[in-house]
1. Conditions: (1) touching a Cys at 6+ places or on another chain (Cβ under 9 Å); (2) aliphatic (A, V, I, L, M); (3) modelled with pLDDT under 90. LEU59 meets all but one. Number of the miss?
2. Just the residues that are open to solvent by 50 Å² or more (accessible area, probe 1.4 Å) and either modelled with pLDDT of 95 or more or of a type in the set (Lys, Arg) (or both), please, taken from segment 75-116.
3. If I ask for residues that are open to solvent by 60 Å² or more (accessible area, probe 1.4 Å) and closer than 18 Å to ALA99 by Cα, which ones from segment 12-29 would you list?
4. In segment 142-161, which residue that is open to solvent by 60 Å² or more (accessible area, probe 1.4 Å) and touching a Ser or Thr at 6+ places or on another chain (Cβ under 9 Å) is nearest to GLU101 (Cα to Cα)?
5. Give me the pairs: first residue in segment 17-43 and of a type in the set (Val, Ile, Thr) and at pLDDT below 90, second residue open to solvent by 30 Å² or more (accessible area, probe 1.4 Å) and not in a loop (DSSP other than H, G, I, E, B), beta-carbon distance under 9 Å, and six or more apart or on different chains, which are they?
6. Which one is least open to solvent (accessible area, probe 1.4 Å) among residues in segment 164-181 that are small (Gly, Ala, Ser) and part of a helix (DSSP H, G or I)?
7. Just one of the numbered conditions (1) surrounded by fewer than 20 Cβ atoms within 10 Å (Cβ to Cβ); (2) within 25 Å of VAL163 (Cβ to Cβ); (3) of a type outside the set (Phe, Trp, Tyr) is not true of VAL63; which one?
8. Within segment 134-163, take every residue that is outside any helix (DSSP H, G or I) and of a type outside the set (Gly, Ala, Ser) and give me the one that is farthest from GLU57 (Cα to Cα).
Amino acid sequence: MTPRPTALRADAQRNRAHLIATAAEAFASGRAISLDAIAKRAGVGNATLYRHFPTREDLVEEVYRDQIRPLREDARALLATEQPAQALHAWMRRFAEWAGERRGICEALVAMSASKRFGTGPVCDEVQQVLGMVLAAGAKAGELRSDIDPIDVGGILAGVLSVAGGADQRAQLDRMLTIVVDGLRSR
């Protein structure tokens, strides 16, 4: 993701904020919408949109930047009450529910994972940090392998969500997450 500019002109700050608000509204509608249409709705040119957000994934991540943070507290609460492997499974299920409620995030995660950009934006950073925390707790408890990279698990999670991320696929999602967690267990 492109670094967040620290000193934008006032008009550029307004354009950026308006693009984010317009995209959030568009994504919440549940309908597919192009970046060009978002720029048009925001009343800015395509070049302005792409200057702030070079890819769709960058825009999607910015829209959901602040909405991901509560999932860290969910992970901490799960670790306080569950064994790490169960906490990991439960947290991944919660993440899947969170992602399923936000249009475009699953597609963005899959695209970022495929382009080796997973862990370079606000949503992916947070997912990677949460996974790292849970995996470390699992390794310390001797439940989960200690040689697992959170970026790899995030990529696997993105793949699982691309196959079974729909609300009508919860049974398949749970089966796939069970397989993932079982594969991460210490042997």
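The values are calculated or read from the model by the stated rules, or taken from the named source; none is laboratory data. Remember, predicted model here, so these are calculated numbers, not experimental data. Glycine also receives a Cβ, built like all others from the backbone with ideal geometry; neighbour counts cover every protein chain displayed. When the accessible area is computed, the model is the full protein with side chains, heavy atoms only, and any ligands, DNA or RNA have been set aside. Shrake-Rupley method; radii C 1.70, N 1.55, O 1.52, S 1.80 Å.
1. So LEU59 meets the others, but not (1).
2. ARG76, ALA77, ALA80, THR81, GLU82, GLN83, GLN86, ARG93, ARG94, ARG103, LYS116
3. The answer is GLU25, ALA28.
4. Result: ILE156.
5. Cβ pairs passing all conditions: ILE33/ARG41.
6. Taking segment 164-181 as the starting set, the residues that turn out to be small (Gly, Ala, Ser) are 164-167, 171.
If we keep only those that are part of a helix (DSSP H, G or I) as well, we get 164, 167, 171.
Values: ALA164: 0, ALA167: 85, ALA171: 67 Å².
Selected residue: ALA164.
7. Checking VAL63 against (1) surrounded by fewer than 20 Cβ atoms within 10 Å (Cβ to Cβ); (2) within 25 Å of VAL163 (Cβ to Cβ); (3) of a type outside the set (Phe, Trp, Tyr), the one that fails is (1).
8. Here is the first cut: in segment 134-163, the residues outside any helix (DSSP H, G or I) are 141-149.
Cutting the leftovers down to of a type outside the set (Gly, Ala, Ser) gives us 143-145, 147-149.
Values: GLU143: 34, LEU144: 31, ARG145: 31, ASP147: 29, ILE148: 25, ASP149: 22 Å.
Once the filter is applied, the top-ranked residue is GLU143.
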